[in-house]
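None of the figures in this text is laboratory data; all of them are computed from the coordinates on show. Because the structure is predicted, anything quoted here is derived from the model rather than measured. When we count neighbours, we look across all protein chains shown, and the Cβ atoms used for this are built from the backbone with ideal geometry, even at glycine.
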Amino acid sequence: MSTITLHNESENQLKLIEALLKELNIKFEVSKKENLTDWQRKQLQEGIDQANRGEFFTEGEAEKILDKCFK
């Protein structure tokens, strides 16, 4: 069994490809990746960098901080 990865540029292209594959009785699956914004990438990278530097809280410490915020 082989895998082919297609990158469509529009929803119409996706529908056409799906219709063709169904007509040919070829099994397929569609997975949609959502692109992250620059802000989201920056925030994720910042969190990874903090963790790599050992700058994180234990679950118990996080619970104490949250308790203070919601009192």
| message | Name the single residue that is nearest to Ile4 (Cα to Cα) among those in segment 14-71 being part of a loop (DSSP other than H, G, I, E, B) and basic (Lys, Arg). | response | Lys27
| query | Mind checking whether some residue in segment 26-44 is free of Cβ contacts under 8 Å to residues at least 24 places away in the same chain, over 21 Å from the mean Cα position of the chain (by Cα) and surrounded by 11 or more Cβ atoms within 10 Å (Cβ to Cβ)? | reply | no
